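Working notes, structure below.
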Number of protein chains: 2
Amino acid sequence: MRLRSVFARNLRLLRQATGLSQEQLADLAGLDRNYVGKLEREENSPTVDTLEVLALALQVDVEKLIRRNGP
Amino acid sequence: MRLRSVFARNLRLLRQATGLSQEQLADLAGLDRNYVGKLEREENSPTVDTLEVLALALQVDVEKLIRRNGP
DNA sequence: AACGTTTGACTACTATAGTAGGTGGCACTA
DNA sequence: TAGTGCCACCTACTATAGTAGTCAAACGTT
């Protein structure tokens, strides 16, 4: 399983666990709403800079976003 | 410390630990020689796709590349 | 039925990741 | 001296990450 797919799944799970919409998370992370959607649909491979701001917005360790066994 | 910097340091340490030159690592990972140099100099933020191929080439877990306490 | 919220999907754009070729410097070895 | 490997650095290019606006489908709520 590609790391991009692992990330996509964990991102969605963590976002939903915090009760945030894609748009709310995007605002918190300083990203675009459409882009968060693309990440969850595995259409984009985020840079580590983006990984960092998303982890910060979700208040989790970056590791949780790319763990293959789920966050 | 920015995640990009953590990655840069770990990449160089792991590459040197395996005795590879930047060019040898680039060839193994299917990347450009100059680009590996830029990553180690913190001039670029790699995507998770790139993270994955580098980890594969170095035969380490992706987590080791972004660990803040060193690989 | 109608309403608001969320998300997928599309187009078009800008910023940056990643490629390719080169120069020059530094260390080492013949 | 010459010759190699390694790396910083440069320019220019192509591919893709990331932004912005919009439309419509799916959902629950009243």
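Test A:Glu52 against the criterion of being out of contact with any Pro (no Cβ under 7 Å at 6 or more places or on another chain) and within 8 Å of DNA strand D (Cβ to nearest atom), and give yes or no.
No: the conditions fail for A:Glu52.
Name the residue that is farthest from the other protein chains (Cβ to nearest Cβ), counting only residues in segment A:6-18 that are free of Cβ contacts under 8 Å to residues at least 40 places away in the same chain and within 14 Å of A:Leu51 (Cα to Cα).
Applying the filter and picking the extreme gives A:Arg12.
Given the criteria outside any helix (DSSP H, G or I), at negative phi and away from DNA strand D (no atom under 12 Å from the Cβ), does A:Asn10 qualify?
no
Suppose the filter is at pLDDT 95 or above, more than 25 Å from A:Leu39 (Cβ to Cβ) and of a type in the set (D, E, K, R); does B:Arg41 pass it?
The answer is yes for B:Arg41.
Identify, please: which residue in segment B:55-70 is within 11 Å of the chain's Cα centre (by Cα) and either of a type in the set (Lys, Arg) or open to solvent by 50 Å² or more (accessible area, probe 1.4 Å) (or both) and is, among those, nearest to DNA strand C (Cβ to nearest atom)?
That would be B:Leu56.
Just wondering, is there one or more residues in segment A:19-30 that are away from chain B (no Cβ under 14 Å), within 23 Å of B:Ala8 (Cβ to Cβ), open to solvent by 30 Å² or more (accessible area, probe 1.4 Å) and in a loop (DSSP other than H, G, I, E, B)?
Yes, that holds for at least one residue.
Can you tell me which residue is farthest from B:Glu43 (Cα to Cα) among those in segment A:5-14 that are surrounded by fewer than 20 Cβ atoms within 10 Å (Cβ to Cβ) and not polar (S, T, N, Q)?
Once the filter is applied, the top-ranked residue is A:Leu13.
Could you grab me the full set of residues in segment A:44-55 that are in contact with a helix residue (DSSP H, G or I) (Cβ under 7 Å, 6 or more places away or on another chain) and part of a helix (DSSP H, G or I)?
A:Val48, A:Asp49, A:Leu51, A:Glu52, A:Val53, A:Leu54, A:Ala55
Among the residues of segment A:41-54, are any among the basic types (Lys, Arg), within 12 Å of DNA strand C (Cβ to nearest atom) and surrounded by 14 or more Cβ atoms within 10 Å (Cβ to Cβ)?
No, segment A:41-54 contains no residue that is among the basic types (Lys, Arg), within 12 Å of DNA strand C (Cβ to nearest atom) and surrounded by 14 or more Cβ atoms within 10 Å (Cβ to Cβ).
The values are calculated or read from the model by the stated rules, or taken from the named source; none is laboratory data. Since the structure is predicted, the reported quantities are computational estimates derived from the model, not experimental observations. Neighbour counts run over all protein chains shown; Cβ positions are idealised from the backbone, glycine included. Heads up: the accessible areas ignore ligands, DNA and RNA and are worked out on the full protein's heavy atoms, side chains in. Shrake-Rupley method; radii C 1.70, N 1.55, O 1.52, S 1.80 Å.
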